[in-house]
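The values are calculated or read from the model by the stated rules, or taken from the named source; none is laboratory data. Not measured: the values here are computed from a predicted model. Every residue, glycine as well, gets a Cβ built from its backbone with ideal geometry; the counts of neighbours run over all protein chains shown. Heavy atoms of the whole protein, side chains included, go into the accessibility calculation; ligands, DNA and RNA do not. Shrake-Rupley method; radii C 1.70, N 1.55, O 1.52, S 1.80 Å.
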Amino acid sequence: HIGTGTVEYPVSEISRIVPGPVLDSPMSTKPDPLPTSDSILKTAAANEGVDAIFVHSVAKVESGLRQEAISKKGALGLMQLMPGTAQELGVDARQADQNASGGVRYLRSLLERYHYNPVLTLAAYNAGPGAVTKYRGLPPYYGTRTYVVRVLKEYERELKLSSLRPSAMPPTTALIATSATN
């Protein structure tokens with residue numbers, strides 16, 4: 001068929017038939033596209049009531065937003081969950097949606113524990129709550145201090161790129177944004 005007409009050829013002139021592309025039609029069904037790391041993180045952030053930009057910043061610094069990332073210490077996935085932490089959270093760190101869900105749930109618990117102080121929250125996420133307790137604040141570890149600065153700079157950068165402003169954000173986000181800029 002061509003347009004609304006038809007072209008006919010004798011069978012003797014046809015050597016082969018090559019199928020063309022399948023055009024979208026109301027009758028065709030496509031499989032749902034695989035969720036992206038952004039959508040997985042946004043869903044987890046929304047489910048846990050944590051600022052999606054903050055979550056995205058943590059995951060970007062932790063893993064470069066790659067689910068297949070594995071750290072030298074054995075942390076897995078987007079949110080770089082240690083196997084023991086993942087087990088405590090009841091998630092499979094190798095599954096992106098569970099990794100994000102568990103990581104954000106853990107991040108929320110740290111935000112609550114440290115009264116929404118992003119520096120202490122990030123320090124505990126990186127070095128563990130024990131290190132924050134031991135040093136009564138930000139541990140003196142170079143890697144942890146660098147990590148906290150990197151996440152806060154990424155958060156500030158992403159916040160500027162977004163249309164959100166601290167006054168339009170939920171209270172936890174405004175607290176994080178205010179602390180990050182002071």
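Side notes on the structure shown:
- Near L81, the amide H atoms lying under 5 Å from its own belong to L76; only residues 5 or more places off or on other chains count, and H is placed 1.01 Å from N.
- Accessible carbon and sulfur surface of the range 76-140 relative to its total accessible area, %, 1.4 Å: 47 percent
- Computed over protein heavy atoms with a 1.4 Å probe, the accessible surface of the range 32-153 works out to 52 Å² per residue.
- Estimated at 0.36 nm per residue, the fully extended path between N47 and K73 surpasses their Cα-Cα distance by 6.5 nm.
- Fully extended contour minus Cα-Cα distance, from R113 to Y141, at 0.36 nm per residue: 8.0 nm
- With both labels modelled 7 Å from their Cα along Cα-to-Cβ, the I14 to D38 distance reads 4.5 nm.
- If you plug the beta carbon distance of K160 and R66 into 1/(1 + (r/R0)^6) with R0 = 22 Å, you get a FRET efficiency near 0.40.
- Around R108: net Lys/Arg minus Asp/Glu count, Cβ-Cβ under 14 Å: -1
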